[in-house]
Amino acid sequence: MEAIKQKKKRTYVRASKWRNDLLILTAQIAELIRANAPLPGGLLALASEAPSPALRDVLLAVRQDIVAGLSLSDALGRRTDFFPDYYVELVRNGEKSGQLEQAFARIEDGLVQLSAFSDKLRNYALYIGIVFFIELFLAVQLCLFVVPQFGAIFGGFGQSLPFVTQTLLGVSHYLNRWEAYAFLAAALVIAVALWRNLPFLSNRRTALQRFVGRLSLRIPFVRYIVSRRDLSHVASVLRDLLSIGTPLDTALENAAQLDINPAYREALARVKKRIEQGVSLKTALSAESRVLPDSFLGLIALGENAGSLPDILGRVSDLYRDDAVKTAHIFLDIAAPAAVCVLGTLVFWLYSGIFSAVFSLPMLVR
C-alpha cells in the first residue's frame, strides 16, 4: 500500500458527488477512532480502497499532514475545498475536549440526514424521468414510422384528412427532416454537458447557482421545500457550533459557507456583518425577512430571549427537516400523477389522430 502515490489535486464540480464522498470519509474516520486504530496506517488503508480518485487524494493528503506532525483538525483545515469550516471546528473542539468520537458521530448524523433527503428526491425524480422518456420515445417512434404509413395510404384518396390527423402528419414530416435530427443531437450534447458539468461550465458555476437558487425561491411550492431543507441544515450547524462555545459571528460565517441556496448564504453573511457591528441576532435576522421565513425568525428570537439558543436551534432543525420531508412527499405524490396526465394527453393526441383517419376511411372511399 505504500506504493500509492498522490496524484494531481482534483476538485469537485458536482455537489452531490462531494457530499457523498464527504459522508463516506466521515464514516470511515469515525470507525478508525472508535477502534482506536492509528490514523496514519488507517488512512493509508482507506485510501487504497477509496471508491473515487478524488477521495483517495484527500485521504492521502490528510495522512501526509498527520505524519508530518499536524493534528487531525489542522490537517482537515488545510483542505477547505473539501471539509467545511464547521466540520473542522467540531473536530478541533472534539480533540480539545477528548470527545473526538462524539464529534464525528454528530457530524455523521447530520450528513446522513441531509444525504437521505436529497437521495430520496433524486431517486423519485429519476423514476419519473425514465417513465416520461420511455413514453416519449414510443411516441416519437409512432410519428416516425407509423404515421407516415397512414399518410401514404390516405393521401391517394384526394380528400382532406381530419385536423388532428393533419397536425400529426405535420409533426411526423418535421421529425423526418434533418433539422429535427440536428436539434435532437444538439439537445443531447447540451444535456450531457450539463450533466457532466464540463470544466467550461464550472467557471460560471457561481453565477449559474445564484440564478437557479433565486429562481427556486420564486416558485411557491419549491420555495417551501428548499427553505425547510436548507434552514434545517443551517440550524443544525449553528446548534452544534454554539453548543461547543463557538462565537456567534464565527458560527454564522461557517453557516454562510454551507452547500445551501445562494440566497441564504448571502443572507447569513449579511447577518454576520450586523452581529459584528453590535446588533442583536434578532434584529440582524429581522432585516432578512424577505428571504428568511417568519417562523424561523420568530423561533430564533424566542431562543435568544430565553437564553437557550442552541436548544431552540436543535428544535428548529428537527421541525424543518420533518416538514421538508413531508412536503417533499406530497410534492412527489402529486408529480407522479401529473406526469401520467401529461403522457396520457400525448398518447391520446397520437391515437386520436390515427383513429380519426381510420374512422374517416368510409367517407374517403366514397
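The values are calculated or read from the model by the stated rules, or taken from the named source; none is laboratory data. Note that the structure is predicted; figures quoted are calculated from it, not measured. Backbone-built Cβ (ideal geometry, glycine too); neighbour counts: all protein chains shown.
If you go through region 79-107 and keep only what is of a type in the set (D, E, K, R), surrounded by 15 or more Cβ atoms within 10 Å (Cβ to Cβ) and part of a loop (DSSP other than H, G, I, E, B), you end up with just Arg79.
Residues are listed down the side, and each one gets a yes or a no for (1) under 24 Å from Leu332 (Cα atoms); (2) aromatic (Phe, Trp, Tyr):
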position	(1), (2)
Leu90	no, no
Leu114	yes, no
Asp119	yes, no
Asn123	yes, no
Tyr127	yes, yes
Ile130	yes, no
Phe163	no, yes
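Which of the residues that make up region 23-71 are charged (D, E, K, R), free of Cβ contacts under 8 Å to residues at least 40 places away in the same chain and in a helix (DSSP H, G or I)? Result: Glu31, Arg63, Asp65.
Quick one: would you say Asn20 is part of a helix (DSSP H, G or I) and within 24 Å of Ile244 (Cβ to Cβ)? Walk me through how you get there before you give the answer.
Numbers: part of a helix (DSSP H, G or I): yes; within 24 Å of Ile244 (Cβ to Cβ): no.
Against the criterion (part of a helix (DSSP H, G or I) and within 24 Å of Ile244 (Cβ to Cβ)), Asn20 does not qualify.
Within region 258-281, how many residues are of a type outside the set (Ser, Thr, Tyr) and closer than 23 Å to Leu217 by Cα? Total satisfying the criteria: 14. Only one of the numbered conditions (1) farther than 15 Å from Val316 by Cα; (2) aliphatic (A, V, I, L, M); (3) assigned to a helix (DSSP H, G or I) is violated by Leu258, and that is (3). Quick one: would you say Leu302 is of a type in the set (A, V, I, L, M) and either within 15 Å of Leu231 (Cα to Cα) or in contact with a strand residue (DSSP E or B) (Cβ under 8 Å, 6 or more places away or on another chain) (or both)? The answer is no for Leu302.
If you check Ala255, Ala339, Ala284, Ala269 for being at pLDDT below 85 and either under 30 Å from Leu168 (Cα atoms) or of a type outside the set (Asp, Glu) (or both), only one passes: Ala339.
For region 245-268, filtered to residues that are among the β-branched types (Val, Ile, Thr) and crowded, with 19+ Cβ neighbours inside 10 Å, the residue that is farthest from Asp311 (Cα to Cα) is Ile260. With respect to (1) over 22 Å from Phe104 (Cα atoms); (2) surrounded by fewer than 20 Cβ atoms within 10 Å (Cβ to Cβ), the lone exception for Val271 is condition (2).
For the condition surrounded by 19 or more Cβ atoms within 10 Å (Cβ to Cβ) and at pLDDT 90 or above, Ile225 does not qualify. Looking across region 269-308, the residues that are under 25 Å from Arg214 (Cα atoms) and among the acidic types (Asp, Glu) come down to Glu288, Asp294.
Mind checking whether some residue in region 277-291 is touching a Phe, Trp or Tyr at 6+ places or on another chain (Cβ under 8 Å) and closer than 25 Å to Asn123 by Cβ? No - not one qualifying residue is present in region 277-291. Quick one: would you say Arg63 is farther than 28 Å from Ala255 by Cβ, out of contact with any Gly (no Cβ under 7 Å at 6 or more places or on another chain), modelled with pLDDT of 85 or more and of a type in the set (Lys, Arg)? Against the criterion (farther than 28 Å from Ala255 by Cβ, out of contact with any Gly (no Cβ under 7 Å at 6 or more places or on another chain), modelled with pLDDT of 85 or more and of a type in the set (Lys, Arg)), Arg63 qualifies.
If you go through region 8-32 and keep only what is of a type in the set (Lys, Arg) and at pLDDT below 70, you end up with Lys8, Lys9, Arg10, Arg14. Residue-level analysis places Leu126 outside the set of residues that are within 27 Å of Arg229 (Cα to Cα) and not assigned by TED's automatic domain parsing to the domain that holds Arg177.
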